[in-house]
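The values are calculated or read from the model by the stated rules, or taken from the named source; none is laboratory data. This is a predicted model, so every value here is computed, not measured. Neighbour counts run over all protein chains shown; Cβ positions are idealised from the backbone, glycine included. These accessible areas exclude ligands, DNA and RNA; they are computed on the full protein's heavy atoms, side chains included. Shrake-Rupley method; radii C 1.70, N 1.55, O 1.52, S 1.80 Å.
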Amino acid sequence: MTELRQIAAVCLVGIGSLRERYATALVIVVGMACVVGVLTSMLSLTAGLTRAYLRPEDATRAIVWAERANFDQSRSLHRDVIGTILDAPGIARSSNGAALADPEFLMRIPPLEGFAAGSLQLRGVGPAGLALRPAFRIVAGRMFRTGARELVVGVGAARKFGLTVGSEVRLRDGKWPIVGVFSCGADIIESYLVGDAVIVMAATRRQGFAQVIAQLVDAKAYPEFQRWLTENPALAVYVERKTDYDRRELGMNTAFFTRMAYVIGAIMALGALCGVVKVMSAAVRARTREIGTLRAIGFGATPVALSVLLEAALLGTIGAVIGAAMAWLVFDGREMWVWGAFKLHVAPSLWVLGLVWALVTSLLGGFLPALRAGRLPPFEALRAE
Amino acid sequence: MKFIPLVWAALWRNRAESVLTLLALSVAFALFGIMIALNAAYEQAIDDARMDRLIIACRFECGAIPLGYREQLARIGGVTAVGGQVWLGGHEQDEHHQITVMFVDEEMRSAWPELPLSPADWRALEVTPAGIFLSRKAAARRNVRTGDTVTLNLPPGSRADGGTTWFFAVLGVIPDPPGWGQSNPDMIVGNLRYLENSIDLEERGRVNVLRVAVDRPEHARAVCRAIEAWFTNASPALYCVPARENAQELADANINMRQISLGIGAAGLFMILFLCANGIAESVRERLSEFGVLKALGYGDARIALLVILEAAAPTLLAALIGGALARGVGAFLAHLAVKGVIDMPEMRASPAAFGWALVAALLIALVSALAPLYRLRRMDVAAVVAGR
């Protein structure tokens, strides 16, 4: 108990003297703010992509796609097998008894003019497609009519490619009008043009869908659903939980950037670590007489050492909070386009990661100066100039 | 020159802290150097992609273009060569290890001369149709050498004989072609004729991509438009893009370190600016009497300023040099990670420009750091300081 009181007292003395040492304290705060700011800013990109792809409702959904052939890899789920897939056990049903599963058609659309204008993508959906996306809302114009050569564009794609109601895109059979703009709760589908799958396939003379998204009754229904499809001799399909599929695809595409973020965070932390050791050593040097006095009036070595360690941790934490706050202010919610529109997300988990990163760095950096402070002989310390 | 002993003595007043400052500065400059080199590497990947090479694919993602288009393309003005290319992707013996082989025909020698296959390599492909060449990175990742066998497994239906495994003899290791950026799989080159003879009859005579060489880079856009117009009503219709613009589009569409590397480098330097400024301010504060004596001896403000700036610049310049050397080491480590498949990035090369920028940044940091102490020294009451008041 006495030790704890001593620690608290020494810490208060140290923190009280920070006002006189604000310039040196600023070195740690700014250093950690930079480290955490860069780390969280970079990781906000993968967090944003994850939020756009991994929707909460996907936890009870599955995705079915065809085993690959030599050519035409993305649309090899022939329409003849769709009925069989929709008969699989475990698929949720709507009030009218229809399976809540949607065969989707995906394709890239070349730019109307010029070269290399980015990757505008078209997603053909069926009647269940909208039921699977309860957040889908038309924000301008109207919805495409089933069976008509019409498209609606997501707000992300509309902004990126300057498309609006009345714009046209060229498909194989000519120009298609855009009749509406939709939002979908920041889902990645906001980066797509959406139309009636059957009509789009007819226009592009394709026979195959890319995938079937199925809403299962519950998460427990998946094993039976998966077994039924993969063991069915009439089908040659892959089945995966939607969340697993998205996580795998996303992980493959973002692995480089995520690893790079950690490598850069580690290099910066190493620089900051040297800074912390330097600054805390200078702080101990500046407080030598104060420490000597404390030791002379009965304070133990441990409370003195801990006070140095805690001071480093406190400054590191302040820096981490500032860094994460700066990243949040500058980047959170900022729209980007990487394979589709999404918003950068400085997630709470990134704040925690930044705090832990800074705390570990500060504590490591404060360790040697703390040890030195604890081992200062009181009489020598008192004689210091 | 006469300042050097003074600067040297000032730097080593507190050895441990000076070394720590130097370490922190060196790490920051190493990061800065890596970021500059990384930025340059991504820029280079775009610059290496040539404007006079065109990439032709299906306009509406048909996946396969008839090889018969080649003759029609060759008749379009400005086209000097047309080569066919097919990707075949599957997995190795371990199904977690993806592998994609790019099969090319011999017309690629003219259509894509940057493909790093020597005449001897082309002859080897001709003599051993089931042979492949791997890029250094691809070979290192798979730990294979010339003479080894690489397998590619695909679902049933990919081979005419009903087999699912393709066996390829490694004929040699080649460098990555210029402009082979982050978005492409490992460079593994095979013989298109062998693929043609091994797949189902109905799938023969088709390619994923046609590559076209044009006579002059400035003709590229016009030739592309002519190709698209020629094949507008064909089935499939074609989409054409100059390789350079395609590389630019890919760089913009993917997560790209090029866009953020300079920001990270700047953040690293900002991180150490305070450390450097604090160090020089502390040094001047502790030696006010020394500066007072110098002033009393007749040192003017300009000479004092030079002394302080030199004192600030010495560690930053030294750190820039050490950081440059460290950056090469860290760059080599990152390249090793890239080869191992841990990260993926274009090859970084040591650049004098990066080194120059680091030195400029070091000088700027020193100047900014010295501002506050210099202001303090200018306002110093020499008599009071010398008297110890």
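Observations, loosely collected:
- Lysine pair count for chain A with Cα-Cα distance under 27 Å and sequence separation of 8 or more or different chains is 5.
- Using only alpha-carbon positions in the protein assembly as shown, the gyration tensor eigenvalues give semi-axes of 60, 32, 24 Å once each is multiplied by 5 and square-rooted (largest first).
- Residue B:148-residue B:325 pseudo-label distance in nm [points 7 Å out on the Cα-to-Cβ vector]: 3.5 nm
- Accessible area per residue for chain A is 43 Å², calculated with a 1.4 Å probe on protein heavy atoms, without ligands, DNA or RNA.
- Derived value for chain B: Kirkwood hydrodynamic radius 25.1 Å. Basis is the mean of 1/r over every pair of different alpha-carbon atoms.
- Extension reserve of the residue B:127-residue B:336 stretch, reckoned as 0.36 nm per residue once the Cα distance is removed: 71.9 nm
- Shielding by partners for peptide A:34-41, expressed as the average number of C-beta atoms from other protein chains within 10 Å of each residue's C-beta, is 4.
- At least 15 Å along the helix axis (C-alpha) and Kyte average at least -1.0, DSSP helices within chain A: A:2-16, A:22-53, A:242-286, A:301-331, A:348-375
- Counts of other chain beta carbons within 10 angstrom of each beta carbon in peptide B:28-34 average 3.
- Note, ³J(HN,Hα) from phi for segment B:147-156, Karplus 6.51, -1.76, 1.60, rounded to Hz, x at Gly and Pro: x, 6, 10, 10, 10, 10, 9, 10, x, x
- Residue order for A:352, A:30 - accessible surface, 1.4 angstrom probe, largest first: A:352, A:30
- Between chain B and chain A, roughly 5100 Å² of accessible surface gets buried, counting both sides and using a 1.4 Å probe.
- In the elastic network of chain B, a GNM with C-alpha springs shorter than 10 Å, the most mobile of B:238, B:269, B:288 is B:288.
- Based on Cα contacts under 8 Å between residues 6+ apart, chain A shows a relative contact order of 30 percent.
- Loop sites in segment A:3-108: GluC sites (Glu not before Pro), DSSP, at most 15 other Cβ within 10 Å: A:20, A:67
- The length gained on full extension between residue B:363 and residue B:384, counted as 0.36 nm times the residue separation minus their Cα-Cα distance, comes to 4.3 nm.
- Our estimate of slack between residue A:286 and residue A:15, defined as 0.36 nm per intervening residue step minus the Cα-Cα distance, is 96.2 nm.
- Low-density loop cleavage sites - trypsin sites (Lys or Arg not before Pro) in segment A:184-224, where at most 14 other Cβ are within 10 Å (DSSP): A:205
- Partners for residue B:137 among aspartates and glutamates (Cα-Cα distance below 14 Å; same-chain residues under 8 apart left out): B:176, B:186, B:344, B:347
- For segment A:261-364, applying the loop criterion from DSSP together with a ceiling of 15 other beta carbons within 10 Å to the trypsin sites (Lys or Arg not before Pro) yields A:334.
- Pairwise FRET efficiency - residue A:2 versus residue A:379, Cβ, R0 = 25 Å, nearest 0.05: 0.65
- Label separation (residue A:54 vs residue B:299): 6.0 nm, computed from points 7 Å beyond Cα along the C-beta direction.
- Rounded FRET efficiency, nearest 0.05, which uses the C-beta distance separating residue A:334 from residue A:139 and R0 of 30 Å: 0.90
- Only DSSP H runs of four or more residues enter the estimate; each adds -39500 (n - 2.57), and after division by the residues of chain B the mean residue ellipticity at 222 nm equals -17500 deg cm²/dmol.
- Using a Förster distance of 60 Å, the FRET efficiency for residue B:306-residue B:173 (Cβ separation, nearest 0.05): 0.60
- Helix-derived mean residue ellipticity, 222 nm - over chain A, DSSP H n ≥ 4, -39500 (n - 2.57), to 500: -17500 deg cm²/dmol
- Nearest-10 value in Å² for the accessible area of residue B:127, using the 1.4 Å probe: 120 Å²
- DSSP H segments from chain B that extend 24 Å or more along their own axis, Cα-based, with Kyte-Doolittle mean of -0.5 or above: B:15-48, B:257-286, B:301-339, B:352-378
- Sum of side-chain charges, residue B:114 neighbourhood, beta-carbon under 13 Å (Lys, Arg +1; Asp, Glu -1): +1
- Residue-averaged beta-carbon neighbours from other chains (10 angstrom radius) around A:22-31: 5
- Label sites at residue A:266 and residue A:205, each approximated as a point 7 angstrom past Cα along Cα to Cβ, lie 5.4 nm apart.
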